[in-house]
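The values are calculated or read from the model by the stated rules, or taken from the named source; none is laboratory data. Fair warning: this is a prediction, and the values are worked out from it, not measured in the lab. Cβ: placed from backbone, ideal geometry, glycine included. Neighbour counts: every protein chain shown. Just the protein is used for accessible areas: all its heavy atoms, side chains included, with ligands, DNA and RNA removed. Shrake-Rupley method; radii C 1.70, N 1.55, O 1.52, S 1.80 Å.
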Amino acid sequence: MTVVALIAAAAALIVAFLALQRAGALQERLERASASLFEVRGQLVELQEKLDEHITTTRLELRRRAGETIFDPRMTIAEAMQVHPKVLDVLGSFHLGGCSNCAVSDVDTLEGACQTYGVDQKALMAALEALAAGAAGGAAAGGSPSPQGAKAPNVKVSF
């Protein structure tokens with residue numbers, strides 16, 4: 001009886017050893033598949049960013065060709081940011097959203113932000129249109145109005 005038990009134990013050890021080897025091989029395959037998926041995900045994110053940039057550029061060009069005004073004072077900050085990726089740079093040059101004292105919300109309109117923070121709306125709109133027209137650096141290039149001095153004293157808003 002002891003011999004049978006020893007043979008059964010030896011067989012169990014062999015089966016356990018083989019199962020452990022198989023589990024190790026499966027773990028390696030899982031790690032390779034996971035690394036491949038991670039790489040593919042990175043490529044997809046990169047392609048999505050390129051596609052979003054292309055869509056934004058195409059929309060901007062279509063509006064420009066149609067003769068439409070690219071930016072409108074009634075559009076929200078979020079809508080303006082969708083038109084061109086450098087809108088935040090232009091807004092920052094007018095001190096809109098660049099510091100805690102001038103924090104603007106995505107739901108604020110361009111017009112409302114100008115009124116609230118005493119920014120010359122015509123100068124801001126001209127700078128945004130210059131950006132849309134492709135002027136390097138936005139407002140400071142191409143003879144467009146400069147944001148320097150475009151901020152008026154804060155406007156008192158009463159309700």
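Quick look at the values:
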read-out: Electrostatic dipole magnitude of region 1-113 [Cβ: Lys, Arg +1; Asp, Glu -1; Cα centre; debye, to 20]; value: 540
read-out: Square roots of five times the Cα gyration tensor eigenvalues for region 1-105, Å; value: 66, 18, 9
read-out: Solvent-accessible surface ranking, highest first, for VAL45, VAL4 at 1.4 angstrom; value: VAL4, VAL45
read-out: Gained length - GLN82 relative to LYS50, 0.36 nm times residue gap less alpha-carbon distance; value: 10.1 nm
read-out: Apportionment of accessible area to carbon and sulfur, region 13-137, percent (1.4 Å); value: 58
read-out: Accessible surface, region 14-84, averaged per residue in Å² (probe 1.4 Å); value: 82
